[in-house]
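Report on one structure; see the data block that follows.
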Amino acid sequence: ISGVPTDANGNYNSFPECKTKVQVFFGALDISTSAAYKVTASSGVAGQWDDENRTYTVTALSKDSGYVDIQSTYFRTYRHKRLDIVKQKQGLQGTSGKDGRTY
């Protein structure tokens, strides 16, 4: 799980570094460069897959949470990894409506 610090309303000034790197092993053999990858991000998650480095970098999260699924295939062997991303809201939400104080 990767947490994204935000204000109480879920907003952030700049998106923090949020990424995952994939390594695939067949027994003790690292087959990461030989495997094929399928990457699917949930609604609200923006980012990009770097196939050469096998890294997915999240660049934005418009919902309170989301995920990135990465499936690797090596011959007929399939592996799956999920990166969960969650906004970590800081402070209290809402105002009194009278004096503008935040509660």
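The values are calculated or read from the model by the stated rules, or taken from the named source; none is laboratory data. What you see is a predicted model; the values in this text were computed from it and never measured. Surface accessibility is based on the protein's heavy atoms, side chains included, excluding ligands, DNA and RNA. Shrake-Rupley method; radii C 1.70, N 1.55, O 1.52, S 1.80 Å.
What ³J(HN,Hα) values, in whole Hz, does the Karplus curve 6.51 cos²θ - 1.76 cosθ + 1.60 give for segment 21-34 when θ = phi - 60°, with x put for Gly and Pro?
After applying 6.51 cos²θ - 1.76 cosθ + 1.60, I find 10, 10, 10, 10, 10, 10, x, 8, 8, 7, 10, 3, 7, 8 Hz.
Run the numbers for Ser42 and Gln71: contour at 0.36 nm per residue of separation, minus the present Cα-Cα distance, in nm. Don't jump to the answer; show the numbers that get you there.
Details: separation 29, 0.36 × 29 = 10.44 nm, distance 1.41 nm.
Here the answer is 9.0 nm.
How about Lys19: which aspartates and glutamates have a C-alpha closer than 18 Å to its C-alpha, ignoring those fewer than 8 places off in the same chain?
Of all the aspartates and glutamates, those that pass the test against Lys19 - Cα under 18 Å, at least 8 places apart if same chain - are Asp50, Asp51, Glu52, Asp64, Asp69, Asp84.
On the accessible surface of the chain, probed at 1.4 Å, how many percent belong to carbon and sulfur atoms?
46
If you count only protein heavy atoms with a 1.4 Å probe, what accessible area per residue comes out for the chain, rounded to a whole Å²? Can you show the working numbers first?
Details: 6990 Å² over 103 residues.
Result: 68 Å² per residue.
State the extension gain, in nm to one decimal, for the chain segment bounded by Asp7 and Ser62, taking 0.36 nm per residue of separation less the distance between their alpha-carbons. Kindly include the intermediate steps, with their values, before the conclusion.
Working: separation 55, 0.36 × 55 = 19.80 nm, distance 1.35 nm.
So the extension gain works out to 18.5 nm.
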